[in-house]
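Some notes on the structure that comes next.
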Amino acid sequence: SAGTEPARGNPAPLHYPMPRQCPYAPPEEVTAVRAGGAVPRVTIWNGVRPWLFTRYEDARVVLSDPRFSADKSRPGYPLSSAVALAETAVTPTLLIMDNPEHDHYRRLVLGEFTVKRAESLRPAVRAVVDGCLDRMLQGPAPADLVTGLALPVALSVICEFLGVPFEDRELFRSLTHTMNAIGGTTETAAAARQELQEYLECLVAVREKHPQQDFISRMAVKHLGTGAMDHERLAAMALLLLTAGHDTTANMISLGVLTLLRHPAHFTALRDGDAPGLLAGTVEEMLRHLTIVQRGIRRIALEDVDVNGHLVRAGEGVIAAVNVANRDPRRFPSGEDFDPAERAHGHLAFGYGPHQCLGQSLARVELQEVYAAVARRIPTLRTAVPDTELRFKEDMAVYGVHELPVAW
Ligand code: HEM
């Protein structure tokens, strides 16, 4: 429009993100950008104007080139909301660290997140899932699948892993909600974060004196004495795992079950037994198709960077729209569709590069166990309200449904 500076490759100003037209797909405008092949500058909530990368190959460069920083305290950082700024107000976590600090802390915990370790937790995960399903099936229908299954499974698994009391789950759930509700203020989000940080610092001190068989105890014994980590940093690590580890997984459980109900043939296929790789393939495709990190993964350039021919100048912000990049037909032939036969490996739902999700093996085990158990134990499962009445999480950093009323 008149008076707007012409930006490289972008004739009209574009506000990001824009509302979705369809609850099961990213905004059409972002998909159109990818199809058109341009890299536009977009305007975000606070007036900052980062570059928007929507192609798969470009998103990978943005997420893996070390000249892009994840440090949200840098001036001009394209924060996803006011609440995201709260991450800089309390002890920093891995998510906002750059090297060499990031590498130092990530290495200290890496051994806890192997595929082998996640597989060793599978029987415990299965027991948790079965317990929740027993309770849900004994109760009245309709029931809410979010509070009856998705949240208790995700919270209980991460609490058990960390050694955090499951009895305090409502506190973790509500504080995490405050930290992730994008309409909130930096102050309320920082206060919630501070409260959880202090809670976990107390727990670290307790576990240090009386270690048990859990993550916090093992890390306390191993790293507090050597000075590799202090109480505050260990608590911040636990905070990140507790919050990143339950909200994302819970949303993938409820939105994933909804997606299976909308694709009955694939739901039935899961029930009829696991053809080799079918379950794992379904989970991978679900991760790709839903890519619940809906506001893109953001960084800021420390130096000039050439992203496949597009120049980003030092100090400029970038957004990798992973939800749209994961539907790039040049990389994933099934594109917009949900097709478990797709070879979905290499998707960006867990990010890519140095910050790639630490908990991804555990998340896969959880999703595999939940989808399989639901398909096997509740073959008559259906949504109890019309889809048009579902409340989708456009108001949260991570996409999902606020409730999922189901009957069987
Ligand atoms: C990082 C997604 C489950 C712990 C990330 C990132 C994404 C992501 C996209 C990268 C963020 C960035 O680059 O800025 C997901 C999804 C999950 C999930 C979709 C569920 C399906 C989990 C679980 C845990 C976990 C279960 C803990 C057990 C972490 C941690 C990081 C991270 C610690 C930060 C890593 C770093 O900065 O080095 N996750 N995650 N996540 N995730 Fe997950």
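Conditions tested, residue by residue: (1) part of a helix (DSSP H, G or I); (2) surrounded by fewer than 21 Cβ atoms within 10 Å (Cβ to Cβ).
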{"residue": "L234", "(1), (2)": "yes, no"}
{"residue": "T249", "(1), (2)": "yes, no"}
{"residue": "A265", "(1), (2)": "yes, yes"}
{"residue": "V283", "(1), (2)": "yes, no"}
{"residue": "R288", "(1), (2)": "yes, no"}
{"residue": "R299", "(1), (2)": "no, no"}
{"residue": "V318", "(1), (2)": "no, no"}
{"residue": "V324", "(1), (2)": "yes, no"}
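Are there any pairs with C-beta distances below 6 angstrom linking a residue in the stretch 73-97 that is at pLDDT 95 or above and in a helix (DSSP H, G or I) to a residue that is buried (at least 20 other Cβ atoms within 10 Å of the Cβ) and acidic (D, E), with the two at least 6 apart or on different chains, and if so which? Close Cβ pairs satisfying both conditions: I96/E87. Do we find a residue being within 11 Å of the ligand (Cβ to nearest atom), at pLDDT below 95 and of a type in the set (A, V, I, L, M, F, W, C) anywhere in the stretch 389-397? Looking through the stretch 389-397, at least one residue is within 11 Å of the ligand (Cβ to nearest atom), at pLDDT below 95 and of a type in the set (A, V, I, L, M, F, W, C). For the residues G317, G281, the requirement of being farther than 25 Å from A154 by Cα and out of contact with any helix residue (DSSP H, G or I) (no Cβ under 6 Å at 6 or more places or on another chain) singles out G317. Mind checking whether some residue in the stretch 341-355 is of a type in the set (D, E, K, R) and modelled with pLDDT of 95 or more? No, because not a single residue in the stretch 341-355 is of a type in the set (D, E, K, R) and modelled with pLDDT of 95 or more. Checked across the stretch 326-345, the condition of being away from the ligand (no atom under 11 Å from the Cβ), free of Cβ contacts under 8 Å to residues at least 24 places away in the same chain and within 17 Å of the chain's Cα centre (by Cα) holds for no residue. Within the stretch 278-310, the residues that satisfy the criterion of being in contact with a Leu (Cβ under 8 Å, 6 or more places away or on another chain), away from the ligand (no atom under 14 Å from the Cβ) and of a type outside the set (D, E, K, R) are L278, L279, V305. Looking at V385, V365, V370 in this structure, which one is under 27 Å from Q138 (Cα atoms) and more than 16 Å from the ligand (Cβ to nearest atom)? When all the criteria are applied, what remains is V385. Among the residues of the stretch 94-120, those identified as within 10 Å of the ligand (Cβ to nearest atom), of a type outside the set (D, E) and out of contact with any Lys or Arg (no Cβ under 8 Å at 6 or more places or on another chain) are L95, M97, H102, R106, V109, L110, F113. Taken over the stretch 183-197, residues that are within 16 Å of R173 (Cβ to Cβ) and either crowded, with 17+ Cβ neighbours inside 10 Å or aromatic (F, W, Y) (or both) amount to 5.
Table: residues versus (1) more than 14 Å from the ligand (Cβ to nearest atom); (2) touching a residue at least 60 places away in the same chain (Cβ under 8 Å).
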| residue | (1), (2) |
| --- | --- |
| C202 | yes, no |
| A205 | yes, no |
| H210 | yes, no |
| F215 | no, yes |
| V221 | yes, no |
| L234 | no, no |
| A238 | no, yes |
| T248 | no, yes |
| L261 | yes, yes |
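Each residue in the stretch 296-325 was checked for being more than 22 Å from E29 (Cα to Cα) and under 24 Å from the mean Cα position of the chain (by Cα), and 2 pass.
Answer yes or no as to whether A38 is over 22 Å from A344 (Cβ atoms), free of Cβ contacts under 8 Å to residues at least 60 places away in the same chain, of a type in the set (A, V, I, L, M) and assigned to a loop (DSSP other than H, G, I, E, B). So A38 fits the description; yes. Among the residues of the stretch 201-232, count how many are surrounded by fewer than 17 Cβ atoms within 10 Å (Cβ to Cβ), in a helix (DSSP H, G or I) and either of a type in the set (A, V, I, L, M, F, W, C) or over 27 Å from the mean Cα position of the chain (by Cα) (or both). Qualifying residue count, the stretch 201-232: 6.
The C-beta contact set for the stretch 268-292 (first residue polar (S, T, N, Q), second residue in a helix (DSSP H, G or I) and within 14 Å of the ligand (Cβ to nearest atom), distance under 7 angstrom, 6+ apart or interchain) comprises T282/Y371; T291/V322; T291/N323.
The values are calculated or read from the model by the stated rules, or taken from the named source; none is laboratory data. Bear in mind that the values here come from a model prediction, so they are computed numbers and not experimental data. Glycine also receives a Cβ, built like all others from the backbone with ideal geometry; neighbour counts cover every protein chain displayed.
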